[in-house]
There are 2 protein chains.
Amino acid sequence: MTTDPVSAVFAALADPTRRAILARLATGDATVNELAAPFPVSLQAVSKHLAVLERAGLITRTREAQWRRCRLDPAPLRTLAEWVDQYRRLWDERYDTLDDYLRAQKETRHEQAP
Amino acid sequence: MTTDPVSAVFAALADPTRRAILARLATGDATVNELAAPFPVSLQAVSKHLAVLERAGLITRTREAQWRRCRLDPAPLRTLAEWVDQYRRLWDERYDTLDDYLRAQKETRHEQAP
DNA sequence: CGTATATTCAACCTGTCGGTTGATTACCCA
DNA sequence: TGGGTAATCAACCGACAGGTTGAATATACG
């Protein structure tokens, strides 16, 4: 499996359970059992999800006695934010155009349009 | 297949070919043939990729004679940017902490470590 | 030492993904 | 009307994703 890192991150985030796990971890570290509790799937399934998140670099896991503490690593999310930002211009443009239009409307409401 | 919209967008972006197609469309509309040209896969495969992107709301397609003009719709990317932004605090915090650490290191470089 | 707890490993099943090839539809043009 | 071009539909295939259950491993604790 030689998937590129960006694809790995997107793929990891393309699952609601995994996104929920991340949301939970955003509030603080947790063990596998703690993370699995809210979900209607087996512990093993959650363990697999965590492996996916770890491979994508979104979490790190450290051993602590018989527990494995999971911690969110936001670095890939930062990369992702930068990737999406490449396209920001596109929707900004659209909004700018709307803004311009509304502004122009307001300014020239009592005049005639060009 | 009742996948939620966010998952659909992430899944659509989890493929390098589809991301390349989006990058191409960011420079302007294109037909299926034009989009397929750079890739070493069949036209049908690209057509499928476009269907995925369309289902995710990332592109729209309009008929024009025998051509089908594809246009990027940045709206889902904006949604995605907002999603990622939920986590911005986390990496900002971390970098602040790193900054603090480095600053502290610099200041106490001539003293002994704790 | 033996047992309980936390977690992963292994094997398996089903459905979806990305790709192929071949046939089909839709449109233009001479 | 018939041929050429653009694109999709349909059927198929191998690989992988997400789920299960059952066994194995690691660590603490009495």
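The values are calculated or read from the model by the stated rules, or taken from the named source; none is laboratory data. No experiment lies behind these values; they were computed from the predicted model shown. Note that we place each Cβ from the backbone using ideal geometry, even for glycine, and neighbour counts take in every protein chain shown. Just the protein is used for accessible areas: all its heavy atoms, side chains included, with ligands, DNA and RNA removed. Shrake-Rupley method; radii C 1.70, N 1.55, O 1.52, S 1.80 Å.
Values computed for the structure shown
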quantity	calculated
Every residue from the range A:1-13 that is away from DNA strand C (no atom under 11 Å from the Cβ) and more than 7 Å from every other protein chain (Cβ to nearest Cβ)	A:Met1, A:Thr2, A:Pro5, A:Val6, A:Ala8, A:Val9, A:Ala12
Residue satisfying condition, being more than 11 Å from chain B (Cβ to nearest Cβ) and over 25 Å from B:Glu93 (Cα atoms), within set A:Pro16, A:Pro38	A:Pro38
Any chance B:Gln105 is at pLDDT 95 or above, open to solvent by 80 Å² or more (accessible area, probe 1.4 Å) and not in a loop (DSSP other than H, G, I, E, B)	no
Hits in the range A:42-67 (condition: more than 11 Å from DNA strand D (Cβ to nearest atom) and loosely packed, with under 13 Cβ neighbours inside 10 Å)	A:Thr62
Of all residues making up the range B:50-61, the number that are more than 11 Å from DNA strand C (Cβ to nearest atom) and within 14 Å of another protein chain (Cβ to nearest Cβ)	4
Among residues of the range A:7-38, those that are in a loop (DSSP other than H, G, I, E, B) and surrounded by 15 or more Cβ atoms within 10 Å (Cβ to Cβ), counted	3
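Matching residues to (1) within 16 Å of DNA strand C (Cβ to nearest atom); (2) within 13 Å of another protein chain (Cβ to nearest Cβ); (3) among the small types (Gly, Ala, Ser):
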residue	(1), (2), (3)
B:Thr27	no, yes, no
B:Glu34	no, no, no
B:Lys48	yes, no, no
B:Arg63	yes, no, no
B:Arg71	no, yes, no
B:Glu82	no, yes, no
B:Asp85	no, yes, no
B:Arg88	no, yes, no
